[in-house]
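In what follows, a single structure is set out as structure tokens and then discussed.
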Amino acid sequence: MKIARLSDLAEKSACPRLVVKVGSSLLVGKDGVRRQWLEGLVTEIAAARARGQEVIVVSSGAIALGAARLGLDKGGRGSLADAQAAAAVGQIALSGLWAELLGAHGLTAAQLLLTLEDLEDRRRYLNATATLTRLLDAGAVPVINENDSVATQEIRFGDNDRLAARVAQAAGASAVLLLSDVDGLFDRNPSEPGATRLGEVRGVTAEIHAMATGGSSSGMGSGGMTSKLQAAEIAERAGIALAIASGLHDAPIARACQQGIGTLFLPRRKDAGRKAWLGGRLRLKGALVIDAGAAKALGKGSSLLAAGIVRVEGEFQRGDAVAVQDERGTTLAHGLAEYDALECARLMGRQSAEHAAILGYAPRSAVVHRDQMVVL
Ligand code: GLU
């Protein structure tokens, strides 16, 4: 059974494995942890487990909580050093809390702190998959956050929305529920008169992106609608449904699922395994800029040949993940390069018959082979 409506997120048959992401502003109020609210959410998680669903929690709030405890201003987001110190203090309290509250329902919490590289590197991604699978098989509830205290600026997710989508891919989840402080995606800024919530989105188009209005409104998390839409894009290509719903109410999962208050992004296709990982990659080592003819061929499922490349950007090695872009800078595909950046630059614009002479060794059949490429 596939997910077609919000209520399916609470059905074991349609959604055997669910990722629930909890935003900072829900977990931490001005007086510290919103314990009573969290107890309610954990009761809902226990109910999902009792229905036979497996649940993975992605919990924000470490920075906000740690900042409150350390008395840091700007919610601990004034500098990277503040955020890292705040996260170290907040995370230990946060994981203790999840373990305690899940434990009260007889559930075992398992903490995983991930960095971007843990999911961008193929081997480490598979390792995370194995750990998550084993934990779920053993009946635990993984509680995941970014390892904010060690992740430096360049290699941070920075928001838990995309982390949740990547975790869902790694875990083979059916759906992601992003609990936030908004009811879903609105067709314009929700504070404007006449703003209407979209119940369902089929494909995150440019028009949908235009509806997102900037960063986090609470100022506590770092997400906002932009990162939620990026998360939806990662999910929709991997065959994973993603919902945005408000957690500001009691029993937020039931409110979203039973009353249908939220926005459901339907999966568009099902890239499995390696292709899902590749399509969801957030950092690429470089870019191959291609002409219109090559772009057309790509759309038809062909491999990328050197003749269609007009520019090579970045420093990458053979086997690295690169973006394939058109001349306006739009990313058309992600793929694994068959050559390093220097070789690509030497081959670009040249017909395949010339390659052996240019390289001095037997050339490969393409610069990016179709089997190692995901058209976005
Ligand atoms: N990892 C951050 C934290 O625990 C939250 C990131 C986000 O706001 O999405 O505070």
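Observations on the model:
- From phi via Karplus (6.51, -1.76, 1.60), per-residue ³J(HN,Hα) for the range 175-191 in Hz, x at Gly/Pro: 8, 10, 10, 8, 8, 9, 9, 10, 6, x, 8, 9, 6, 8, 3, x, 7
- Across the chain, the relative contact order, built from alpha-carbon pairs under 8 Å that are at least six residues apart, equals 15 percent.
- Here the scattering of the chain is modelled by Debye summation over its C-alpha atoms, one equal scatterer each and no solvent; at q = 0.12, 0.13, 0.14, 0.15 Å⁻¹ the log10 of I(q)/I(0) is -0.90, -1.03, -1.15, -1.28.
- Averaging 1/r over every pair of different alpha carbons in the range 230-270 and inverting the result gives a Kirkwood radius of 10.7 Å.
- The accessible-area ordering, largest first, of the residues S227, S7 stands as S7, S227, per a 1.4 angstrom probe.
- Computed over protein heavy atoms with a 1.4 Å probe, the accessible surface of the range 273-347 works out to 44 Å² per residue.
- Across the alpha-carbon set of the range 229-308, the Rg to Rh ratio works out to 1.17, Rh being the Kirkwood radius.
- A convex hull fitted around the alpha carbon atoms of the range 36-125 yields 112 Å³ per residue.
- Karplus-derived 3J(HN,Hα), 6.51/-1.76/1.60, for each residue of the range 313-318, Hz, glycine and proline x: 10, x, 10, 9, 9, 4
- Annotation: amide H-H contacts under 5 Å for R311 (H modelled 1.01 Å from N, sequence separation of 5 or more, or interchain): V289.
- Built amide H within the under 5 Å cut-off of L332, gap 5+: V324, Q325, D326
- Electrostatic dipole magnitude of the range 252-338 [Cβ: Lys, Arg +1; Asp, Glu -1; Cα centre; debye, to 20]: 460
- The residues of the range 101-169 have, on average, 39 Å² of accessible surface per residue, using a 1.4 Å probe with all protein chains present.
- Scanning the chain for DSSP H helices at least 20 Å long along the axis (C-alpha atoms) with a Kyte-Doolittle mean no lower than 0.5 picks out 80-103.
- With every protein chain in place, the chain: carbon and sulfur % of accessible area (1.4 Å): 50
- Put the Cα centre of the range 145-175 next to the Cα centre of the range 1-47 and the gap is 17 Å.
- Along its principal axes, the range 233-376 has C-alpha extents of 68, 27, 26 angstrom, given from the largest down.
- Packing-based ranking, highest mean first, of 38-45, 188-195 given that Cβ atoms within 10 Å are counted: 38-45, 188-195
- Under 5 Å, built H, 5+ apart or other chain: amide partners of R350: A307
- nm² value of the averaged projected area, convex hull over the Cα atoms of the range 125-203: 7.8
- Expressed as a whole percent, the proportion of Cα-Cα pairs in the range 131-268 lying more than 20 Å apart is 48%.
- Rounded accessible area per residue of the range 33-74, 1.4 Å, Å²: 41
- Base-10 log of normalised Debye intensity for the range 267-330 (one unit scatterer per alpha-carbon) at q = 0.14, 0.17, 0.25, 0.30 Å⁻¹: -0.45, -0.67, -1.22, -1.30
- Percent breakdown of C-alpha pair distances by 5 Å bin, ordered from the shortest bin, for the range 42-193: 2, 9, 16, 19, 19, 16, 12, 5, 1, 0
- In terms of distances greater than 21 angstrom between alpha carbons, the cross-link table entries K228/K296; K2/K270; K228/K285; K2/K300 yield K228/K296; K228/K285; K2/K300.
- Base-10 log of normalised Debye intensity for the range 313-376 (one unit scatterer per alpha-carbon) at q = 0.16, 0.22 Å⁻¹: -0.52, -0.96
- For the options V20, V312, V324, a Gaussian network treatment of the chain with springs between C-alpha atoms closer than 10 Å singles out V312 as fluctuating the most.
- 3J(HN,Hα) along the range 281-289, derived from phi through the Karplus expression 6.51 cos²θ - 1.76 cosθ + 1.60 where θ = phi - 60°, amounts to 4, 9, 10, 10, 7, x, 9, 10, 8 Hz, with x in place of Gly and Pro.
The values are calculated or read from the model by the stated rules, or taken from the named source; none is laboratory data. Everything numeric in this text was worked out from a predicted model, so none of it was measured. Positions of Cβ are generated from backbone atoms using ideal geometry, with glycine treated the same way; all protein chains shown enter the neighbour counts. For accessibility, only protein heavy atoms count, side chains too; no ligands or nucleic acids. Shrake-Rupley method; radii C 1.70, N 1.55, O 1.52, S 1.80 Å.
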